[in-house]
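In what follows, a structure is listed as structure tokens, so that the remarks can point back to it.
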Amino acid sequence: MLRPNTIGLTAFLGLLTAFGPAATDMYTPSMPDISKLLGSTASEVQLTLSSYLVGFAIGQIVYGPISDRWGRRPVLLVALALFCAASLACAAASTIETLIVARMLQALGGSGAIVLPRAIVRDLYVGRQAGRELSRIGAIMSFAPAIAPLIGGLVQIGFGWRANFFIVVAIGVFATVIAWRAMPETLPRAAQPISLANVWQGYRRLASNRAFLAHVGIAACSYAGLFAWISGSPFVLQDLYGLSPFWFGVAFAAACVGSIIGAAIAASLVLHLGLDRTIGLGTLALALGGLLMVAGVALRLEPVPSLVLSMLIYHAGLMLAMPQAIAGALTPFPDCAGTASSLVGLVQQTSAALLGAIVGHTLGHTAWPLATPIAMMGCLSLALWAGSRYVRTEGIRIGMIAEAEGPQLPRKAGFSFLTKAS
């Protein structure tokens with residue numbers, strides 16, 4: 001049985017959150033080959049990424065409120081089953097249109113693996129403790145984008161692009177078995193009735209909270225910059241600068257090392273500095289990485305090392321800022337953590353899908369369509385942090401006081417305690 005404050009639970013939640021990066025990064029080295037074999041254009045292949053994010057956005061609207069009503073475990077099992085079935089459909093796709101639709105269905109399942117771990121963390125932790133747990137999960141998850149492109153490049157060379165999706169299916173089945181056998185229910189309160197009116201009111205409540213919106217804005221902008229890289233780098237590094245699928249995987253993995261470094265630093269730093277200062281350091285690194293990428297393109301530095309080093313810094317900033325921003329968004333809402341997690345994911349995935357589509361349609365003979373949006377998102381994240389500090393910290397403080405003074409509600413079967421720290 002997986003229990004709080006154990007490596008087992010953290011590792012499992014990290015595995016779940018790795019579904020999104022693994023399902024995408026595993027086949028990014030194959031994107032040029034998919035374009036050729038399925039007779040499609042680069043922009044059409046980009047739609048397999050954008051449709052995935054659209055599916056994520058749609059799925060996250062549903063999973064959070066439902067899990068607030070029915071619990072985390074049963075909803076997670078349904079999401080994992082859908083993810084596995086859709087991944088098989090991706091592997092069997094014979095046209096780019098089929099692959100686009102299958103990727104959207106894959107995302108509908110995979111979105112549950114993102115929403116529910118965040119809600120589970122909020123069930124068990126609060127404040128800095130939640131930020132540390134999300135950073136630990138992020139550190140584990142960061143190995144997926146570091147390793148997946150390498151594996152994907154090797155699999156592409158040896159077996160073709162379809163084999164990558166079969167590997168994703170195997171990972172999904174493995175996670176489903178663990179969830180079925182070892183994941184208890186973590187929802188700490190008795191189930192509440194659900195209706196469209198209640199769901200809509202919950203979203204309105206969240207959308208009217210300025211602290212929530214500020215945290216979500218930081219998380220969304222930083223993530224959109226990452227997706228600009230995921231969307232554009234396969235074509236820039238392979239088609240423009242001539243890297244093979246394998247060496248693209250090496251370059252992509254090298255940039256992802258920044259995520260591992262940033263998550264490891266955040267996990268130890270957040271308890272000492274708090275959420276706000278850790279977010280500030282992260283957004284500073286985001287802006288620095290983006291501006292260095294623009295400078296590298298403008299000065300015509302050695303392209304591949306320049307792009308990879310800049311993105312490594314951006315990755316580190318992302319894992320310093322984004323988990324803490326998500327923790328800050330969820331902290332004031334213990335009674336609807338699933339719904340709050342859904343709205344965070346919806347805004348993140350929608351903004352990333354839009355920016356990814358723009359990058360796909362503007363790619364050409366230079367790296368400017370890749371570097372410019374990354375720099376813009378990094379600088380915007382820093383500006384949001386600097387301009388909303390009072391609103392965010394005050395919102396978290398009020399939310400934690402309200403929770404501490406609120407009535408104790410009956411708990412469901414499962415974990416019998418919450419771990420709380422300010």
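Values computed for the structure shown
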{"item": "Neighbour-count ranking [beta-carbon atoms within 10 angstrom, fewest first] of HIS215, HIS365", "result": "HIS365, HIS215"}
{"item": "Cut-off under 5 Å, modelled amide H: who pairs with THR186 long-range", "result": "ARG72, ARG73"}
{"item": "At 0.692 mPa s and 37 °C, Stokes diffusion of the range 34-159 via Kirkwood alpha-carbon radius, µm² per second", "result": "203 µm²/s"}
{"item": "Kirkwood hydrodynamic radius of the range 92-177, Cα pairs, Å", "result": "15.2 Å"}
{"item": "Rg and Dmax [Cα atoms of the range 114-162; Å; Rg one decimal, Dmax integer]", "result": "15.9, 46"}
{"item": "Calculated from backbone phi, Karplus (6.51, -1.76, 1.60) coupling profile of the range 61-73 in Hz, x at Gly/Pro", "result": "5, 8, 4, x, x, 5, 5, 5, 8, 9, x, 6, 5"}
{"item": "Sorted largest first, extent of the range 333-382 alpha carbons per principal axis (Å)", "result": "50, 23, 8"}
{"item": "Helix-only [θ]222 nm of the chain, DSSP H runs n ≥ 4, -39500 (n - 2.57) each, per residue, nearest 500", "result": "-27500 deg cm²/dmol"}
{"item": "In degrees, nearest ten, helix 210-234 long axis to first principal axis of the chain (Cα)", "result": "20 degrees"}
{"item": "Under 5 Å, built H, 5+ apart or other chain: amide partners of MET26", "result": "none"}
{"item": "Per-residue Cβ neighbour rank within 10 angstrom, fewest leading, THR6, THR48, THR98, THR331", "result": "THR6, THR98, THR48, THR331"}
{"item": "Highest-fluctuation residue, SER388, SER67, SER94 considered, GNM on the chain with Cα pairs under 10 Å", "result": "SER94"}
{"item": "Whole-number Å³ per residue for the convex hull built on Cα positions in the range 2-106", "result": "100 Å³"}
{"item": "The range 271-304 and the range 26-57: distance between their alpha carbon centers, rounded to Å", "result": "28 Å"}
{"item": "Whole-Å distance, taken between Cα centres, linking the range 61-122 and the range 191-243", "result": "16 Å"}
{"item": "Leading residue at positive end of dipole, the chain (Cβ point charges), from ALA102, ALA352, LEU124", "result": "LEU124"}
{"item": "Alpha carbon convex hull of the range 183-303, projected area averaged over orientations, nm²", "result": "12.4 nm²"}
{"item": "³J(HN,Hα) computed for each position of the range 236-241 - Karplus, 6.51 cos²θ - 1.76 cosθ + 1.60, integer Hz, glycine/proline x", "result": "5, 6, 8, 6, 8, 10"}
{"item": "All Cα pairs of the chain, percent lying beyond 40 Å", "result": "12 percent"}
{"item": "Nearest-ten-degree value, helix 162-182 long axis tilted from longest Cα axis of the chain", "result": "10 degrees"}
{"item": "Charge dipole (debye, nearest 20) of the range 111-242; +1 at Cβ of Lys and Arg, -1 at Cβ of Asp and Glu", "result": "480 debye"}
{"item": "Long-range HN-HN contacts of TYR125 with modeled amide H, under 5 Å", "result": "THR419"}
{"item": "Helix 245-298 axis, angle to the chain major axis (alpha carbon atoms, nearest 10°)", "result": "20 degrees"}
{"item": "Neighbour-count ranking [beta-carbon atoms within 10 angstrom, fewest first] of VAL155, VAL78, VAL359, VAL199", "result": "VAL78, VAL199, VAL155, VAL359"}
{"item": "The range 305-347: translational diffusion in µm²/s, Stokes-Einstein, Kirkwood Rh over Cα pairs, 37 °C, 0.692 mPa s", "result": "276 µm²/s"}
{"item": "In Hz, Karplus ³J(HN,Hα) per residue of the range 381-394 (6.51, -1.76, 1.60; θ = phi - 60°; x = Gly, Pro)", "result": "4, 5, 5, 5, 4, 5, x, 10, 4, 5, 4, 5, 5, 5"}
{"item": "Fully extended contour minus Cα-Cα distance, from VAL391 to HIS365, at 0.36 nm per residue", "result": "5.0 nm"}
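Bear in mind these aren't lab numbers, they're just calculated from the coordinates by the rules spelled out. Note that the structure is a prediction, hence the values are computed from the model and not measured. Neighbour counts run over all protein chains shown; Cβ positions are idealised from the backbone, glycine included.
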